[in-house]
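Every number here is computed from the coordinates shown, using simple stated rules; none is lab data. Keep in mind that what you see is a predicted model, and the values were worked out from it rather than measured. FYI the Cβ positions are ideal-geometry reconstructions off the backbone, even for glycines, and counts take in every protein chain you see.
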Amino acid sequence: MPDAQLGLFGGAFDPPHRGHVELLRQASAQLGLERLIVLVVADPGHKHVDTPADVRLRLAQAAFPDAEVVLDRNARTVDTLRAHPEWNDPVFLIGADEFCAFASWKEPDEVLRLARLGVATRPGFPRDRLDAVLAGLVTPGRVSFFELEPIPVASSELRARLGAGEDVDGDVPAAALAIIRAERLYVQ
């Protein structure tokens, strides 16, 4: 991958968890990223969020202390990339499952013109699913894969566990968890 300096990682981060942190860490190490920007999507077009964007922004800032963390007002990746021409050929980071749905994104070929994709794969993930997506792309050479050990944690599960008063130590970065506890977030 040529000059992979800027990595972009977007999401709702409701809340951020150790899977998010590890994906960013592995992408940085394996793809040679020198600068990381975490994009907290204010109003994700693909999912409903109840937690206000400013709260999710603070949680992400706490969870990713070594990255720039910004609020992204665009619901679609292509719109975010168009809004930031100063990001010269960044690597947009996603998981393998998201990549398998890449053809359904708004203007996927334009996304690949404006950015490369760094796709986190896990051991045992069916390579034929990835190859099928690659075969449908105009510029498949703009996609790179990196390995990520599976981390069985999801934000939806964490919200439920927090709401039930269960312990989530180790699953949510400590600084973000401190905010969650202090502000009694996700409590039903």
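Give me a count of the residues in segment 178-188 that are touching a residue at least 40 places away in the same chain (Cβ under 8 Å) and not aromatic (Phe, Trp, Tyr).
Adding up the residues that qualify gives 5.
So the check is Cβ under 8 Å with 6+ separation or different chains; which pairs have a first residue in segment 117-129 that's touching a residue at least 12 places away in the same chain (Cβ under 8 Å) and a second one that's surrounded by 20 or more Cβ atoms within 10 Å (Cβ to Cβ) and of a type in the set (Gly, Ala, Ser)?
Partner pairs satisfying both residue conditions: Gly118/Gly7; Gly118/Ala27; Ala120/Ala27.
Residues Arg82, Arg25, Arg58: which one is part of a helix (DSSP H, G or I) and within 14 Å of the chain's Cα centre (by Cα)?
Selected residue: Arg25, the only one of Arg82, Arg25, Arg58 that is part of a helix (DSSP H, G or I) and within 14 Å of the chain's Cα centre (by Cα).
Give me the pairs: first residue in segment 82-106 and on the phi < 0 side of the Ramachandran plot, second residue in a helix (DSSP H, G or I) and small (Gly, Ala, Ser), beta-carbon distance under 6 Å, and six or more apart or on different chains, which are they?
If the second residue must be in a helix (DSSP H, G or I) and small (Gly, Ala, Ser), the pairs left are Leu93/Ala27.
Which condition number does Ser28 fail, the rest of (1) of a type in the set (Gly, Ala, Ser); (2) in contact with a helix residue (DSSP H, G or I) (Cβ under 8 Å, 6 or more places away or on another chain); (3) farther than 21 Å from Ile180 by Cβ being met?
Single failed check for Ser28: (2).
Looking at Arg184 and the list (1) at positive phi; (2) touching a Leu at 6+ places or on another chain (Cβ under 9 Å); (3) among the basic types (Lys, Arg), which single condition is not satisfied?
Among (1) at positive phi; (2) touching a Leu at 6+ places or on another chain (Cβ under 9 Å); (3) among the basic types (Lys, Arg), the lone unmet condition for Arg184 is (2).
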